[in-house]
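Working notes, beginning with the structure itself.
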Amino acid sequence: MKKEEFKTIEVEGKEYKLGYPTRKSAKKAEEKGLNLADTSKILTLTDKLFYTGLYSYQEWITEDEAERIEEKFIKNKGNLAEITSFLTEQFMGFINPQAIQEATK
């Protein structure tokens, strides 16, 4: 099973990629406020995952624009749980890449 490099979503006829393609992109996500250790604010964490996942491929995107895209994605019955799970797994892969490789064999 090949590991997915990114997820693609469509909102209002426009496609967006989400993911953390490199360790550097994951570090940028942390600089933008992503903190997977802080699960006390789950909606904030989900929003940060979505924003930073988008930002990795669309560096022009603002946090407000990402929130607008996320709201429309949810309204159109997009599977936010799937996106969140993918982004979390991909981010954590930079901490323990061997575990991710084993899980996707």
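Of everything in the stretch 1-26, what is among the charged types (D, E, K, R), at negative phi and outside any strand (DSSP E or B)? Give them in sequence order. Correct list: Lys2, Lys3, Glu4, Glu5, Arg23, Lys24.
Within the stretch 1-35, work out how many residues are within 11 Å of the chain's Cα centre (by Cα), buried (at least 16 other Cβ atoms within 10 Å of the Cβ) and charged (D, E, K, R). Counting residues in the stretch 1-35 that are within 11 Å of the chain's Cα centre (by Cα), buried (at least 16 other Cβ atoms within 10 Å of the Cβ) and charged (D, E, K, R) gives 1.
Would you mind stating whether Leu54 is within 11 Å of the chain's Cα centre (by Cα), under 15 Å from Ser85 (Cβ atoms) and outside any loop (DSSP other than H, G, I, E, B)? Criteria not met by Leu54.
Report whether or not Ile100 is surrounded by 13 or more Cβ atoms within 10 Å (Cβ to Cβ), of a type in the set (A, V, I, L, M, F, W, C) and modelled with pLDDT under 95. Criteria met by Ile100. If you check Lys41, Lys48, which single one turns out to be at pLDDT below 95 and either under 18 Å from Gln90 (Cβ atoms) or open to solvent by 70 Å² or more (accessible area, probe 1.4 Å) (or both)? It is Lys41.
As a summary of the residue check, Glu67 satisfies the conditions (1) open to solvent by less than 80 Å² (accessible area, probe 1.4 Å); (2) within 18 Å of Lys14 (Cα to Cα); (3) in contact (Cβ under 8 Å) with a residue 12 or more places away in the chain; (4) not polar (S, T, N, Q) except for the one numbered (1). Among residues of the stretch 27-50 that are assigned to a loop (DSSP other than H, G, I, E, B), those with a Cβ under 6 angstrom from a residue that is open to solvent by less than 90 Å² (accessible area, probe 1.4 Å) and among the hydroxyl-bearing types (Ser, Thr, Tyr), sequence gap 6+ or separate chain, pair up as Lys32/Thr52; Leu34/Thr52.
The values are calculated or read from the model by the stated rules, or taken from the named source; none is laboratory data. As the structure is a prediction and not an experimental result, all values here were calculated from the model. Backbone-built Cβ (ideal geometry, glycine too); neighbour counts: all protein chains shown. Note: accessible area is taken over every heavy atom of the protein model, side chains too, but ligands, DNA and RNA are not part of it. Shrake-Rupley method; radii C 1.70, N 1.55, O 1.52, S 1.80 Å.
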